[in-house]
1. Ratio of alpha-carbon Rg to the 2.2 N^0.38 Å globular estimate for the chain, to two decimals, please.
2. Could you tell me how many degrees, from 0 to 90 and to the nearest 10, lie between the Cα long axis of helix 45-55 and the main elongation axis, the longest principal axis, of the Cα atoms of the chain?
3. Taking 35 Å as R0, compute the FRET efficiency from the Cβ-Cβ separation of residue 76 and residue 182 and round it to 0.05.
4. Please work out the C-alpha center-to-center distance from segment 188-210 to segment 212-250 and express it in whole Å.
5. Please work out the FRET efficiency for the pair residue 275 and residue 165, using the Cβ-Cβ distance as r and a Förster radius of 25 Å; give the result to the nearest 0.05.
Amino acid sequence: MLAYLIRRLVLTVPTFVLVAIAVFTLVRLIPGDPVQVMLGDAVDPSLAELYRTQLGLDQSVPVQFFYWLSHVAEGDFGHSISNGVAVLPLILQRFTVSASIVLVAVILATMIAVPAGLTAAWKQNRSLDTGIVSMATILLSIPSFWLGLLLLIVFGLNLGWLPVVGYISMRENLGQALLYMILPVLTLTLTESGILTRMMRASSIEVLRLEYVTHARAKGLAESKVLMRHVLPNAFAPTWTMIGLIMGHLLGGIAVIETVFTIPGLGRLLVDSIYARDYPVVQGCLLFTAAIYMVINLIVDFCYPLFDPRVLAE
């Protein structure tokens, strides 16, 4: 087990370096001069040169990369060109907003999808299976922004039950904050539960066809015990991997949902920074998103032996 964990940790180092190179290169390919954006059109050439020196833009590209990477290793992502705020605290503040919505939505989607997919596999090719699969297919086919707008119109404008747009921090008012979270959480829960249900159903069908399940039934075990003791633990591993991918994707920034509901999250920060050509923030957001993906993948890898001990033998 320890050797497995060490291998996974070691593999993250070259992955992070490659991601850092890709992020640095992509940002440098963006047209426009960051100093020009910072100082405006009527800029004194001597002042522009001074700013380029302070930002390290007068150095060669490899020197700029190692200069930036060394500061990132120290937790210094630079400062925003737009407002001069430190990038890392700004990213963490916006990430907290996104994470509070994503974590709740993924947990709720998992609680819905796992029993639904297991039930559909148990009742394969019957009316209940058809109903669950049809609903899951509809949910994963609906664009999240369209579903969010629909929920806004129904529950916000027409019925007036929930606030339409905006965000309130839990530190300011917990009750109001939960009300503002209901619609974005509901949107993500519905859209993500569709793909998780399909995944859980497919993996459960494969497990139900295995010999040890037939043997357990032949021994006279109740169907509920067969499903919970033998099918669920073995069928959940692929679904767990999908949960990790979904969570990594959503934690990296739910830009569309945050735009629909005017939520000041990480995805919206990235989009606004791209429009403003705020290169340090764009660079920091992209690298932070990649780091979130790697952390989620590590957590998934560390937990995977609990569902499938065979991976330890690889």
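1. The chain yields a ratio of 1.22.
2. Value to nearest ten degrees: 40.
3. E between residue 76 and residue 182, to the nearest 0.05, is 0.40.
4. Centre-to-centre (Cα) distance: 10 Å.
5. Values: r = 19 Å, r/R0 = 0.78.
It comes to 0.80.
No lab work stands behind these numbers, since they all come straight from the coordinates. As the structure is a prediction and not an experimental result, all values here were calculated from the model. Positions of Cβ are backbone-derived with ideal geometry, glycine not excepted, and every protein chain shown enters the neighbour counts.
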